[in-house]
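What follows is a single structure, written as structure tokens, with notes after it.
The values are calculated or read from the model by the stated rules, or taken from the named source; none is laboratory data. Since this is a predicted model, take the numbers as computed values, not measurements. For neighbour counting, all protein chains shown are included, and Cβ atoms are generated from backbone atoms with ideal geometry for every residue, glycine included. Surface accessibility is based on the protein's heavy atoms, side chains included, excluding ligands, DNA and RNA. Shrake-Rupley method; radii C 1.70, N 1.55, O 1.52, S 1.80 Å.
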Amino acid sequence: MSIEIDILNGDASRQRAEPLLRAVWSPDVMKDKSWGDIKWAHADLRVLLDAPDDGGLACHVGIYFRTIIWNGHKVHVGGIGGVSTREDCRRRGYASLALDAAVHTIRANDAVKFAILFCEPHNFAFYEARGWHHFTGEVTCEQPSGTIRFEAMAPLVNDIVRAPRQGKIDLCGLPW
Ligand SMILES: CC(C)(COP(=O)(O)OP(=O)(O)OC[C@H]1O[C@@H](n2cnc3c(N)ncnc32)[C@H](O)[C@@H]1OP(=O)(O)O)[C@@H](O)C(=O)NCCC(=O)NCCS
């Protein structure tokens, strides 16, 4: 079985990712989500995992770069979002591979101090097993209505040269 992983410009690859994202985050899935109305940032880069034996694009991970404010200091961070594996391709290690490629890409940027993602409780174990830690402080972000406390999902961090666990994070823009 061959697998191809591409890391592409986020806007240029959006059209290619959309059918997978629409299938994973279908209206049926979204109808039960309390965060369904949140406006999300667009990915700067996307990891696309193609598995030709599994019918093509099987997994997507979005990568974001942002200067945020952590405890009053500006910090450049990497973000991970939109982690999605086609339902018929799950539990084959695809998200683990794509996440790994995304974290490597973020770490290759020397300015980045840590990585951060947001997830629902049923995915905590998946990320904890892959080296992510809970940030238990307060997160704020922008929405069309203004600055809000972001509590829709829980923040998890991947340490690089900083290991934030508490305090205040202002995402200084839309969440991811
Ligand atoms: C969460 C999600 C991305 C995981 O994708 P995935 O491709 O199935 O992930 P992986 O296959 O890498 O790993 C999933 C599990 O399968 C296991 N696994 C990996 N390869 C396996 C294999 N060949 N055989 C059996 N199990 C396997 C992994 O160990 C992991 O188990 P763990 O959580 O107990 O550690 C996927 O379920 C999904 O798209 N969910 C809906 C969207 C979502 O919630 N996204 C997360 C947003 S934060």
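Okay, here's what the table says:
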quantity: Three-way shape call for the stretch 4-170 based on the alpha-carbon gyration tensor, with the a/c threshold at 1.5; calculated: prolate
quantity: 1.4 Å probe accessible area per residue over the stretch 1-69, in Å²; calculated: 55 Å²
quantity: Computed helical MRE - 222 nm, the chain, DSSP H runs ≥ 4 contributing -39500 (n - 2.57), nearest 500; calculated: -5500 deg cm²/dmol
quantity: Positive minus negative residues near residue 76 (Lys, Arg vs Asp, Glu; Cβ under 9 Å); calculated: +3
quantity: Those aspartates and glutamates that a straight Cα-Cα span of less than 20 Å connects to residue 33, excepting residues fewer than 8 apart in one chain; calculated: 18, 87, 120, 142, 151
quantity: Placed amide H near residue 44: partners under 5 Å, 5+ positions off or other chain; calculated: 63, 64, 65
quantity: Nearest-0.05 FRET efficiency for residue 130 and residue 1, computed from C-beta distance (R0 22 Å); calculated: 0.50
quantity: Relative contact order of the stretch 63-176, defined on C-alpha pairs under 8 angstrom at six or more residues apart (%); calculated: 32 percent
quantity: Extension gain from residue 161 to residue 12, taking 0.36 nm per residue of separation minus the Cα-Cα distance; calculated: 50.6 nm
quantity: Size of electric dipole in the chain: Cβ of Lys, Arg +1 and of Asp, Glu -1, about Cα centre, debye, nearest 20; calculated: 420 debye
quantity: Hits among lysines - C-alpha to C-alpha of residue 39 under 24 Å, sequence gap 8 or more where chains match; calculated: 31, 74, 168
quantity: Between helix 94-107 and the chain: long-axis angle, C-alpha atoms, 0 to 90°, nearest 10; calculated: 40 degrees
quantity: Surrounding net charge for residue 138, when Lys and Arg each add one and Asp and Glu each subtract one, Cβ distance under 14 Å; calculated: +1
quantity: For residue 10, net neighbour charge (Lys/Arg +1, Asp/Glu -1) across residues whose Cβ lies under 10 Å away; calculated: 0
